[in-house]
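Just below is one structure, and these are the notes that go with it.
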Amino acid sequence: MRRSVRFSCAPGARRRAVVTAAAVALAATGLSACGGITPGAGSQVSAAPTGAVSTAIPTGKVTLTVVSSENSGTTKALAAAFEQLHPNVTVDYQYTDVNDYNTSLNLTLSSDNAPDLALLNMIGTTVKANLVRDLDPYAAAYGWTTTEPSTELDQWRADATGTQLGSGHLWAAPAGFSVVGVYYNQRIAAKLGIAPPTTFAEFQADLAKAKAAGQLPIQLGNLAGHSSFIFQSVADDVDGAAKSTNWAYGVPGASIDSPGGTAAAQDLAAWAKQGYTPPGANGTDLPGSVADFSKGQGLFLFDGSWDAATLSKAMPGNVGFFPLPGATATSPVTGIGTSVAYAIPTRAKNPDLAAAFLDFMGSAQAAQIEFTTGFMPVAHADTVTAPSGSVLGQVADAWGKVGRDNGLVPFFNNSTATMNTTLTSAGQELIGGKVTPTQYLAQLQADWQKGHQ
């Protein structure tokens, strides 16, 4: 957990795994905080694999080198499982602190000793500098486009210049995700006769019921802008994943002044005015709000999967999780989230073996490994197991619904280099009654416009 990486897609998130995922989200928007183009990097090779790709595993002794800044244990556990499946393969996992990793990545990828797999915290300039391979041939060979939701893979797509994100060639494959949803206090809910809502109208009715009973409807810490979780969750549900994702990716013509954006801003302002959120929300950070929620202060809490284990430990048997419901019980389910992901460097010595490892990351065996080490699985979410009735199991169920509905949406916070700051300041003004929903949306769109000119 690193509070130093505050440009996170999940501001205030405390887990290192999420910090990694946060940096990943920057990649989806084309922001490169550290990676400049290395002069001459990759100039002697082609980005595309030469010749036909193969899904065969080498028969002799071979070493797969993997460089990464992920140290939650997920990749190492996946590597150990891959070695068991293929005893002739040794995975040489090389960890580097995330800041040093990002700074040196382009140089690493362009060297004569380039690894076979490299974690991408951002696409940055790797595509433009011809440092990573187009994975489309491998995606076709292994069928990734049919086994993995497009909203997961699209986070790592870009055009050949690496500047237009969200579509085009696939440059990395996900190894695990975080997802935002709604936690709820089961004891308070039971006392009020509230079951997990199946429609947004039910959710709104639950808020009113909690307020009338003297309970805080929504716990919120907005010091670092986490009201954006509420805003985006509502906007995604109303506008749908595809439209919201276009805005997050900076697709020309996209606007947050949409039906979803308008409804979300109005709801957030109204809920704050009605006392549905804490009066001191702007002075409380996310960890503080999680701590308050775990003490029984609040019926609901919008937060990410990274806090499931913390809440489960703090309030065992008393916390649940669900994706924010839509207009009807059958409306597509959406969820804010992003992934860690690995790319095959252009200079990799074992690209086919590297692709086999990427394919393994989407297997049912890998799903359980990713889940138990703190990430939502790339695929096969319905196969992972958790203690009966645990919040971890409910998070997995929610993730499965998001995947089946292709409802994953990148964090709005990273749609521009300054959007996190804008969402924080504008969100504080909105719930403080200093700006109207219309003015709030105008601030967001102005930032977006400036960032994507």
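Listing for the model above:
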item: Solvent accessible area, Å² - Asp257, 1.4 Å probe, full protein context; result: 110
item: Low-density loop cleavage sites - trypsin sites (Lys or Arg not before Pro) in segment 295-393, where at most 16 other Cβ are within 10 Å (DSSP); result: Lys295, Lys349
item: Rg/Rh ratio calculated on Cα atoms of the chain (Kirkwood radius); result: 0.97
item: Residue (of Ala189, Thr65, Ala254) at the positive-pole extreme of the chain, dipole from beta-carbon charges; result: Ala189
item: Carbon/sulfur fraction of accessible area - the chain, other protein chains in place, 1.4 Å, %; result: 53
item: Label-point separation, Thr421 to Asn113 (7 Å along Cα→Cβ), nm; result: 3.9
item: Charge tally in the Cβ shell below 15 Å around Thr198, where Lys, Arg are +1 and Asp, Glu are -1, Thr198 excluded; result: -4
item: The chain: angle of helix 437-451 to the longest principal axis, Cα-based, in degrees nearest 10; result: 20
item: Inter-probe distance in nm under a simple model that places probes 7 Å from Cα toward Cβ, at Thr198 and Thr163; result: 5.0
item: Accessible area per residue in Å² at 1.4 Å probe, computed on segment 201-341; result: 33
item: Label-point gap, in nm, between Lys273 and Thr63 - each point 7 angstrom along Cα→Cβ; result: 6.5
item: Ellipticity estimate at 222 nm from DSSP helix runs (n ≥ 4, -39,500 (n - 2.57)) divided over the chain, nearest 500; result: -12500 deg cm²/dmol
item: Contour excess over end-to-end distance, with Cα ends at Ala329 and Lys295 and 0.36 nm allotted per residue; result: 9.2 nm
item: Surface per residue (accessible, 1.4 Å probe) for segment 400-453, Å²; result: 44
item: Estimated FRET transfer efficiency when R0 is 45 angstrom, pair Asp100-Asp257 (beta carbons, to 0.05); result: 0.65
item: Long pairs among Lys128/Lys349; Lys349/Lys401; Lys211/Lys450; Lys76/Lys295, criterion Cα-Cα beyond 29 Å; result: Lys349/Lys401; Lys211/Lys450; Lys76/Lys295
item: Efficiency of FRET between Ala190 and Thr383 - r from beta-carbon atoms, R0 51 angstrom, step 0.05; result: 0.95
item: Cα-based shape type of segment 330-410, given that a ≥ b ≥ c are square roots of the gyration tensor eigenvalues and the cut on a/c is 1.5; result: prolate
item: Tail beyond 28 Å, pair distance distribution of segment 183-338 (Cα, percent); result: 16
item: FRET efficiency estimate (nearest 0.05) - Cβ-Cβ, Ala309 to Ala446, R0 35 angstrom; result: 0.35
item: Whichever aspartates and glutamates have a C-alpha closer than 19 Å to that of Lys273, once near sequence neighbours (fewer than 8 apart) are set aside; result: Asp206, Glu429
item: Debye log10 I(q)/I(0) for segment 119-215, one point scatterer per Cα, at q = 0.25 Å⁻¹; result: -1.31
item: Extension gain from Ser54 to Thr372, taking 0.36 nm per residue of separation minus the Cα-Cα distance; result: 111.4 nm
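The values are calculated or read from the model by the stated rules, or taken from the named source; none is laboratory data. These numbers come from a predicted model, not from an experiment. As a convention, Cβ positions derive from the backbone with ideal geometry for all residues, glycine included, and neighbour counts pool all protein chains shown. In case anyone asks, the SASA skips ligands and DNA or RNA and just uses the protein heavy atoms, side chains included. Shrake-Rupley method; radii C 1.70, N 1.55, O 1.52, S 1.80 Å.
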